[in-house]
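Asker: Take a look at the following structure, please.
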Amino acid sequence: MPDVVTFGSDKRFPVVGAVVVLLLALVAFLFFNRGGSEEAAPVTVTPSLCTGSAPAPSLGFPSAVTGASPVAIVIEGACTAGAALDRRDTVAGAGPWTIVVRRPGGSLGHDGAVITYPVAPSPGAASPAAPSTAAPSAAARGMVVKALGGEHVRVRGDLPVADLRAIADRVRLSGGRPVLTPPAGLSVVASGTYRPASIREVRYGTADLGEREALGGGLTFTGVAAAGGYEDHLYATGSLSSVFGGNGAIAWEPQPGLIAFIGYSGAERSEAADEALKRLAGRARAINGDGWRSTPTVAVQSNDIP
């Protein structure tokens, strides 16, 4: 099949689980001034009274954040309410489309693949795998690119390349978008634009969360967005180290097709900062439409994924 370009091998790489600790390189100024200088509107949640310290959090990732279709996430025990920002990409639908496919028990970046259409004929051909000096978890996954409908479709994931080929062979187009009849043992768990049409953030002063010692005196932010492009990037690079901004973040999947994250901008990333982010994740709570103002500050921008 001359129109198929295959990267990677059938060797299974160590995979990234549903929780990813990210090392981010952007400085606070660049992150928190992207998309304009507009003021952020308050989220309609009632903050706890400041008593000098935040309540003791539970550890781990709470079941409350794995509910149905969270619009955003907030952190309990803040001294003041957070501020809401909706980063809207009004032309995301004109860009590539994704389909997320997984084996039973698969999760974000684990036991699955992402179909993207359309793509360039052979993206990543010059560097299909991470450098040999990279950690095993940073190894790039396998990739198959195939001609389809005058364009090309890419299937990238941590499945054996033979499975990626089988997925590519079953992709067809409907209304200009990819549709998949999955091979046996795989199922479609999400479908949507490659770039998230909306990234719904809530921002806090880190001191108001009781984590200034570990995270510094800057800002802490939460976010929820569609995950198709993020998961593809995760399979491509083994990390999400450049996509959220700030000094560090932690991310997980509240439900298939969505990614939730908590990050900060302030102190340098450290083990203490990682532990603080885990504590904040333990205090996270999902909010749906009633908990999110109908008119948060809106920044119209391109939600590109590096």
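Please treat every number below as a calculation from the coordinates, not as lab data. Note that this is a predicted model, so its numbers are computed, not measured. Methodologically, a virtual Cβ is constructed for each residue, glycine included, from the backbone with ideal geometry; neighbour enumeration extends over all protein chains shown.
Asker: Take each of the peptides 159-170, 182-193, average the number of other beta-carbon atoms within 10 Å over its residues, and list them starting from the highest.
Answerer: 159-170, 182-193
Asker: In whole Hz, with x marking every Gly and Pro, tabulate ³J(HN,Hα) for the stretch 175-189 from phi via Karplus 6.51 cos²θ - 1.76 cosθ + 1.60, θ = phi - 60°.
Answerer: Karplus-based 3J(HN,Hα) across the stretch 175-189 equals x, x, 10, x, 10, 10, 9, x, x, 4, x, 10, 9, 7, 10 Hz.
Asker: If you don't mind, another one. So for the stretch 230-291, averaging the separation of alpha carbon pairs under 8 Å that are six or more residues apart and normalising by length, what relative contact order in percent results?
Answerer: Worked out over the stretch 230-291, it gives 25 percent.
Asker: Quick one: 3J(HN,Hα) in Hz for the stretch 87-102, Karplus 6.51/-1.76/1.60 with θ = phi - 60°, rounded, Gly and Pro as x.
Answerer: Along the stretch 87-102, the couplings run 8, 9, 9, 6, 10, 4, x, 7, x, x, 10, 10, 10, 9, 10, 9 Hz.
Asker: Can you give me the long-range amide H partners of residue 258? Hydrogens built in the peptide plane at 1.01 Å from N, cutoff under 5 Å, separation of 5 or more residues or another chain.
Answerer: For residue 258, the qualifying residues are 227.
Asker: Oh, and also: So what's the gap between the Cα centers of the stretch 66-116 and the stretch 171-226, to the nearest angstrom?
Answerer: Cα centroid of the stretch 66-116 versus Cα centroid of the stretch 171-226: 2 Å apart.
Asker: So how strong a dipole does the stretch 155-306 carry about its Cα centre when Lys and Arg Cβ are +1 and Asp and Glu Cβ are -1, to the nearest 20 debye?
Answerer: Around 480 debye, computed over the stretch 155-306.
Asker: At a 10 angstrom cut-off on C-beta neighbours, averaged per residue, how do the peptides 112-120, 272-280 rank from highest to lowest?
Answerer: In descending order of packing, they fall as 112-120, 272-280.
Asker: Out of residues 5 or more away from residue 266 or on other chains, whose amide H comes under 5 Å of its own, with H placed 1.01 Å from N in the peptide plane?
Answerer: So residue 266 has HN proximity to 247.
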